1. Once both labels are modelled 7 Å past Cα along the beta-carbon direction, what's the residue 26-residue 3 spacing in nm?
2. In deg cm²/dmol and to the nearest 500, what is the mean residue ellipticity at 222 nm of the chain if only DSSP H runs of at least 4 residues count, each as -39500 (n - 2.57), divided by the residue total?
3. Would you kindly work out the equivalent ellipsoid of the stretch 1-113 from its C-alpha gyration tensor and give its semi-axes, the square roots of five times the eigenvalues, largest first in whole Å?
4. Between residue 38 and residue 85, what is 0.36 nm times their sequence separation minus the Cα-Cα distance? Round to one decimal in nm.
5. For a Förster distance of 22 Å, can you work out the FRET efficiency between the beta-carbons of residue 70 and residue 12, rounded to the nearest 0.05?
6. If packing is taken as the average number of other Cβ atoms within 10 Å across a peptide's residues, how do 76-85, 62-71 rank, most packed first?
């Protein structure tokens, strides 16, 4: 059941990204170009996503279990630290340069987009590097404390 729920959610997400134009780097870059020919349509896509996701997270948190019956453990941390700021900056720069973020990039891989393939490869390298540079040292510090 869990795999079917994940597959359904992924398909709905992918179709939504394709229909909204979020998988088209030129549309994303036009949205980010506030000083030029700005295309605000993706703001409506994001607002719609928040309007659907916010109540879903609220009810999932209250229920304590997802549709597959697995426990829900939403993050509670509100600390703004160096790794969060650095990760946000790297994410924003990558999004601005490539016109892709992880979700649309994975959809692009499904279409064999060379840009998406390169982006996902670079993202994988970044995740592996972050694991070595940030997460493991922090886990060791927590163990030593």
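Derivation of every value follows stated rules applied to the coordinates shown; laboratory data play no part. All figures in this text were calculated on a predicted structure; none of them were measured in a lab. Glycine also receives a Cβ, built like all others from the backbone with ideal geometry; neighbour counts cover every protein chain displayed.
1. With each label placed 7 Å out from Cα toward Cβ, I get 3.9 nm.
2. Roughly -23000 deg cm²/dmol at 222 nm, from the helical runs in the chain.
3. 27, 20, 14
4. 14.3 nm
5. Given R0 = 22 Å and the Cβ-Cβ separation, E is 0.75.
6. 62-71, 76-85
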